[in-house]
1. When Phe168, Phe252, Phe180, Phe66 are ordered from fewest to most other Cβ atoms inside 10 Å of their Cβ, what list results?
2. Using the number of other C-beta atoms within 10 angstrom as an exposure proxy, rank Ile199, Ile76 with the fewest first.
3. Pull out a ≥ b ≥ c, the square roots of the eigenvalues of the alpha-carbon gyration tensor of segment 196-274, then state rounded if a/c is under 1.5, prolate if not and a/b is larger than b/c, and oblate in the remaining case.
4. Rank the residues Thr23, Thr58 as a footprinting-exposure proxy: fewest other Cβ atoms within 10 Å of their Cβ go first.
5. Can you pick out the pairs among Lys63/Lys139; Lys36/Lys139; Lys36/Lys71; Lys71/Lys139 whose Cα atoms lie more than 25 Å from each other?
Amino acid sequence: MRTFIACAVFALAVPALAAVTGTVVGVDGAPLANVKVVAMEPAIIGFAARERKTIATTTTDAKGTFALDVKGRGVIDVSVRTDGYAPADVMTAIDDAAGTIVLTPASVIEVHVLTIDGAPLANADVIAYGASGGVVAVKTDSAGACRIADPAAWAATLEIARDGYEGFSLSPRGLTFSTFRLKARGSAPVPAEKSAAHIRGVVRDAQDTPLRGITLLLYGGPNSRYAALTDTNGSFDFEVPRGRYTFSGWPFPYPIRQDIIDVANSDVTHDIVAAVKFTPIDGRVVRSDGAPCHSRAF
């Protein structure tokens, strides 16, 4: 009897593997084989230049299908990249299917980032945001250049940024140029540093299962925005200046209730139960002639 109980407890302590499945096709509906598919940490809008962890990797078979083995529950970015096509991403709960992912043909272009005087600007961030939540972030080299799948073919927003310069964002749809000039930003007064506080906690679902990959956000004023992802144990830890913050989360597929958190005098533990989970709908949007429509919101 003792042996049976010990084994049962051990089995419950090991996170189960979930197979996130899907199919990759071209715009004509034909399956695409040998395409690399990666499960990654979700990107955080506004923090896209940060390095994201790879969770699992596979390739599509002859029928274009794939299966990614991912531990636990929560949210991942199913990222598809292959030569000759625009990148495609699906943000999905680990226990949901990724559905059918349609790849759109796209050429690779060279983007140049310069100063106002025309000098090349190295280490500038060129970030393209897809309509489905995926992000491609690259940096310019010493010549101020980088290569990226043409954002005009797939991205909803293109952002150019570098420390010390005034960045900007724009819609790349119909964009016919690939050289951008950034203006140096004037020096700003450095605010006095405040002592740090921690906002820690765990995000779980209604069954008390920890949720990984949940995007959490803190707002403490017009210029203070912080973001974090829960880890494999559903845990998060913000280290922020002491003060009062609005706490919220990215709404899909687990909406997080907005709260006010005060860490002016002490650290705070803020555990969350994401009791509701949205259900995704898999489909395609096409024109009357059958051609696919990208970057359409509905």
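Laboratory data are not the source of any read-out in this text; all were calculated from the coordinates shown. Small disclaimer: the values here were computed from a predicted structure and weren't measured. Backbone-built Cβ (ideal geometry, glycine too); neighbour counts: all protein chains shown.
1. Working: Phe168 12, Phe252 16, Phe180 19, Phe66 22.
Ordered by Cβ neighbours within 10 Å, fewest first: Phe168, Phe252, Phe180, Phe66.
2. Numbers: Ile199 21, Ile76 24.
If I rank by nearby Cβ atoms, fewest first, I get Ile199, Ile76.
3. Values: a/c = 2.04, a/b = 1.61, b/c = 1.26.
Cα axes put segment 196-274 in the prolate bin.
4. Details: Thr23 19, Thr58 15.
Taking fewest neighbouring Cβ atoms as first place, the list is Thr58, Thr23.
5. Working: Lys63/Lys139 35 Å; Lys36/Lys139 22 Å; Lys36/Lys71 20 Å; Lys71/Lys139 31 Å.
In this structure, Lys63/Lys139; Lys71/Lys139 lie more than 25 Å apart at Cα.
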